[in-house]
Structure formats: structure tokens, C-alpha cells
Amino acid sequence: MNRTLFVNGPILTMESPVPTDALLVEDGRIVALGTDALNATGATKVDLQGDALLPAFVDPHSHLSAAANSLLQVPLGEVCDFAQLEEAVAVFIRDNHIPAGQWVFGQGYDHNHLTEHAHPTRELLDKAAPNNPVVIQHASGHMGVFNSAALHQLFLTPDTPDPEGGTFGRNGGELTGYAEENAFVSNLRKAPMPGFDQLKDAFARAQHTYAAHGITTAQEGMMAVELFPLYQGLLAQNALTLDVVGYPGVADLHAARVAFPDSVNGYHNGLRLGGVKIFLDGSPQGRTAWLRTPYQGESEYRGYPTMTDEQVEQALTLAAQEGVQILAHCNGDAAAQQYLDMGAKVMQSHPNLRDVRPVIIHAQLIGVDQLPQAKALGFTPSFFVAHVYHWGDIHLQNLGAKRAAAISPAKAALDLGMPFTFHQDTPVIPCDMLETIWCAVNRVTKNGVQLGPEQRIPVYEALKAVTVHAAWQYSEEKEKGSLAVGKQANLVRLSVNPLEVRPEALREVSVVSTWKQGEVLYQG
């Protein structure tokens, strides 16, 4: 019997904002709190030395494999102009001794932050990598650029039609290399993946990063069939240290169940199949999110949908019939309305749809007027609230002050008494829960603009969004999300109680240690 007693620091159970003073863990589960824990004998003590202990964070939405894969790609998040981007690709090829003909991937550029305020071209990438196929992905994940060799290998020509819900960039009939939404994502999936050993090592590093941010449950937010062999290999080698919840596309649900039969009804070697994922639009910073009213400076352009009403209805019907959760990427308010309307329609014949706890992923521009309908249907918004800091200044340009101020309306959801969660969509941004909590509490952009102060929420409610409510979103509230007798001992030790620091200082709080089911997963 393995017993551990945590003492000498505030223990924030998230069952109440009032901390307790002791917690006892036995064989990976919480068995006592407070006085009952202090009276225990035969336990190894962990002296918190004044640090705070909380339930480990639960990641409501990210892409673990993409986070791992990004570690094998050219990092472009800090480049400022085309010249730096070109140099970064060329240096990556040189320093990593990448042979001619091997694919090169880059990740994280943002045209909004480049001096040119434009997407790079295939000619630029051709100069950087004259002997390699190259594809670089926008920070949003929804668009990117292929060089000429990559276009050739993917059989993309001027005659290639735009797919439904996506477009190729063209200049006088020629492909510029730029593609967005389905045109980009579907072709990115055709590019060859790195070898298993490379990816296994990258997975280990990515999981360490999640644990270093206090996360013990992560998500594979779009588990494409191309990832099945990789995950089968990882499971065979017990390489998942986190709990990972996978969401294949609607068309791949049956194949996923065949590939991972032991993960259908619970975790097997760290993996559980959570349900299905659909995409209804793009990103507001890329001006592809589908809006009810035009973008700032446009007379008609409102972005566009990626699925028809019938397709959304079919996906929701499948979720209800199969009894699996459905996640829908909805950034724009028009996309959110499509999801809600089709949900209401399906619920007329399949009222159990509510029971699978459908999720509105990102919910950036869901209107305050739409939240009551979401609550009535039982749809949970998972807000990408860190957009306020990372792209808030861009949203002011693209959306205007009023709409930009209303992104991620967490306070409106809180006032309605509906559950909501926060995520980082990693690798879009790092899986930093404490930064996200800071964003939700302060709502300040990179340029120091306070964006929508009326949507700020208290620290405790922000913490609930990545603990209590996040576990509820996964239907795992009996096992995770708070520190209560009988629950898993998934714990995070923070340098200070976040309820006791100034709101603007929340970013200075750090993760000291992380435990998963009583075992140390990260030690800072």
C-alpha cells in the first residue's frame, strides 16, 4: 500500500474556494482530506512549503500529435518578415542535414504579424528549399503554403478545383501555393509523416511539456486515420504518460473503433475514444470564420461554412445514435448558429443528443444572444479565451471594437449558469493553462488594450473552466476535476495560491510539480 500525505500549504479542492490543510493519497486515489488526512499513519509526507495544491488541469481541446509533430518542424512563430522566414527554413534544412527530396514542414507563421501583412508564396519557399518539398502552416492551423515541389508531389495543378469549404490561392490561373481550410488541411494530410521513432521521441517531449503546465488529461482533437498506426505503436509500447482522449472524424468513427477496440469504453494504455469531431468554419484572424455580419471593411464577405446543414445534421444524428460526444469547431457566430439550429432539429427525434454533451469548440464569436439557446440544448462552449491576448489587436482590425470586445463571452455564460471550459488549441499556442486563466481574468491584448472588460471573470471561475468543468465536458467528473475522496490523485503544485495573487500577476504563478494518479509526472 502506497500512502502519501500532502501538508503545509493551501489545498484548493475546487469543491470550494476555501482551502483545506491536508490531503491523503493511497494507491493513486484520494482517501482523506483535512483532519482525517492529518490523523493518518504510515504515510510519506510531501511538505508543500507554502505552495498551493490543486487538481491537475484537464485540457478540453488540443491536438497532441500536432504538438509533438511541431517539435520536428521549422518554428516560424517568431519570424517578422519574409526574409526571416526564408532564412529559418534554409537554416533548418542545413542544421538538421535534411537530404534532398525529403519533406520539410514549418509551423506557426502568422501573416498578421509579418511586415508584409501577407502570406508567403511558393516562390519564396522554392528559394529557401530548392531541393525539398516544403509546406508551412499558419498559426491558426487552417491555412498554409506549399512550395512548387510539394504541389508537384501532391498532384496539385492549376486545373485542381477548389474543394467544398476551402480554396487555393491563384494568380492568373497559376497556384500561388497558398491554400486555406479544406484545400489546405486535406492536402497536408497527404504529406508523408516522420518515422515512428522520431514521432515517439517527439510525443515524449510533448507530453512532458503538457505535464510541465500541470495537465494530466490531453486531447487528440482531430484523430485522422493517418494517425491510427502511430497511436497503435505508442499504445503497444506504453508510450502515453498522459490520459489522451481521441476524436476521429465522423467518417472514421467505425475504423477507429476497429483500430482501438479496447479504448471504446474507457482508457487503454492511456487512450480513450471520446467521440467525433467536425469543422464548421475557419479562423477570425485568418478572416475565414463564418460570421452573421460582414468583416470590418467588407460590404458582403462574412467568411464561409465548411459543411452544409445536411452534413451537420447527419453528424449530430450519428452522435446521438451512437451515443458518442461530438465536438464542432465553430469560431464564427454563423457557424455556431448552424450547429445550434441543426442540434435543435436533431433533438426533436433524438432527445438523447443532450446526454452526449456536445461541445462548441473555440466559440470565439458566439453571440451573447446565442448562449441561452446553447444552454437550453445542453451544448457546452469551450472558449479559446487566450485569443484576447494573442490576436485581440487583430480582431479589433478584422471585426471592429464592439464585436472584438465580445469574443469568448465567458462572463455572459457564467451569468447564465452554464458550464464552459477554456483551451489553447495547442500547438496553435502553448498549453499554458495559467496564461489562459490570466487572459480570462484580465482580458488584455498584446498591445495593452483591455478588450471587453465586462466579460472578465473571477479567478476561481477561471480555474473551474480547466478543472471541474473540463472534467464534466469529458463526462469524467466522477474521476477528475476536483480533489474529493474517491477521485484520482491528479494533482498540480503551484508556486502560490492563485486566489491570493493580484489578477495581473497570475502569469507569474508557476507549476512546481504534477502528479497523475499519485505518481510524479513532472518535477520542476
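The values are calculated or read from the model by the stated rules, or taken from the named source; none is laboratory data. Computed from a prediction, not measured in an experiment: that's the story for all the values here. As a convention, Cβ positions derive from the backbone with ideal geometry for all residues, glycine included, and neighbour counts pool all protein chains shown. Note: areas computed on protein heavy atoms with side chains; ligands, DNA, RNA excluded. Shrake-Rupley method; radii C 1.70, N 1.55, O 1.52, S 1.80 Å.
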- Task: Quote the relative contact order of region 16-126 in percent (integer), defining contacts as alpha-carbon pairs under 8 Å separated by 6+ residues.
- Result: 20
- Calculate how many DSSP beta bridges within region 325-454 are antiparallel, expressed in % of all such bridges and rounded to the nearest 5. 10
- Message: Below 8 Å, C-alpha to C-alpha, sequence gap of six or more: please give me the relative contact order for region 233-342 in percent.
- Response: 26
- Note on the structure: Ignoring ligands and nucleic acids, residue 468 exposes an accessible area, probe 1.4 Å, in Å² to the nearest 10, of 40
- Message: Rolling a 1.4 angstrom probe over the protein chains, ignoring ligands and nucleic acids, what is the accessible area of residue 519 in square angstrom, nearest 10?
- Response: 110
- Task: Report the label-to-label distance for residue 500 and residue 415 in nanometres (one decimal), using points 7 Å from each Cα along the Cα→Cβ vector.
- Result: 3.3
- Note on the structure: Helix-only [θ] at 222 nm, the chain, -39500 (n - 2.57) per DSSP H run of 4+, per residue, nearest 500, equals -8500 deg cm²/dmol
- Message: With a 1.4 Å probe and all protein chains kept in place, how much accessible area does residue 145 have, in Å² rounded to the nearest 10?
- Response: 0
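Just for region 1-63, what percent of DSSP beta bridges are antiparallel, to the closest 5?
DSSP beta bridges in region 1-63 are roughly 65 percent antiparallel.
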- Message: If amide hydrogens are placed 1.01 Å from N in the peptide plane, which non-local residues have theirs closer than 5 Å to the one on residue 276?
- Response: 325, 326, 327
- region 458-524: which trypsin sites (Lys or Arg not before Pro) are DSSP loop and have at most 14 other beta-carbon atoms within 10 angstrom? 478
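How do 425, 197 rank by accessible surface area computed with a 1.4 Å probe, from largest to smallest?
These residues rank, largest area first, as 197, 425.
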- What are the residues whose amide H is under 5 Å from the amide H of residue 181, where those residues sit 5 or more places off or on another chain and H is modelled from the backbone? 143
- In sequence order, calculated HN-Hα J values of region 19-31 (Karplus, 6.51, -1.76, 1.60; Hz; x Gly/Pro): x, 9, 10, 7, 9, 10, 10, 9, 6, x, 10, 7, 10
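So how much slack lies between residue 300 and residue 520, counting 0.36 nm per residue of separation and subtracting their Cα-Cα distance, in nm?
Working: separation 220, 0.36 × 220 = 79.20 nm, distance 5.44 nm.
Working it through step by step, the gained length comes to 73.8 nm.
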- Query: Farthest toward the dipole's positive end in the chain, which of 362, 294, 179, given Cβ charges of +1 (Lys, Arg) and -1 (Asp, Glu) about the Cα centre?
  - Reply: 362
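Of the DSSP beta bridges with both residues in the chain, give the percent that are antiparallel, rounding to the nearest 5.
50
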- Whole-Hz Karplus ³J(HN,Hα) for region 195-210, in order, using 6.51 cos²θ - 1.76 cosθ + 1.60 and θ = phi - 60°, x for Gly and Pro? x, 4, 4, 4, 5, 4, 5, 5, 4, 4, 5, 5, 5, 4, 5, 4
- Does region 240-332 come out rounded, prolate or oblate by the C-alpha gyration tensor, with a ≥ b ≥ c the root eigenvalues, rounded set by a/c under 1.5 and, if not, prolate when a/b is larger than b/c and oblate if not? prolate
- Query: Between residue 56 and residues 5 or more places away or on another chain, which pairs have amide H atoms under 5 Å apart, with H built 1.01 Å from N, and which residues are they?
  - Reply: 490, 491, 492
- What per residue convex hull volume, in Å³, comes out for region 145-288 when only alpha-carbon positions are used? 138
- Where labels lie 7 Å past Cα in the beta-carbon direction, separation of residue 460 and residue 41 in nm: 3.7
- Query: Rounded to a whole number, what % of the accessible area of the chain do carbon and sulfur atoms account for, probe 1.4 Å?
  - Reply: 51
- Item | Karplus-derived 3J(HN,Hα), 6.51/-1.76/1.60, for each residue of region 216-229, Hz, glycine and proline x | 10, 10, 10, 10, 9, x, 8, 8, 5, 4, 4, 8, 4, x
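Hey, any idea what Rg/Rh is for the chain, computing Rh the Kirkwood way over Cα pairs?
With Rh from the inverse mean 1/r over Cα pairs, Rg/Rh is 0.97.
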- Item | Rounded accessible area per residue of the chain, 1.4 Å, Å² | 38
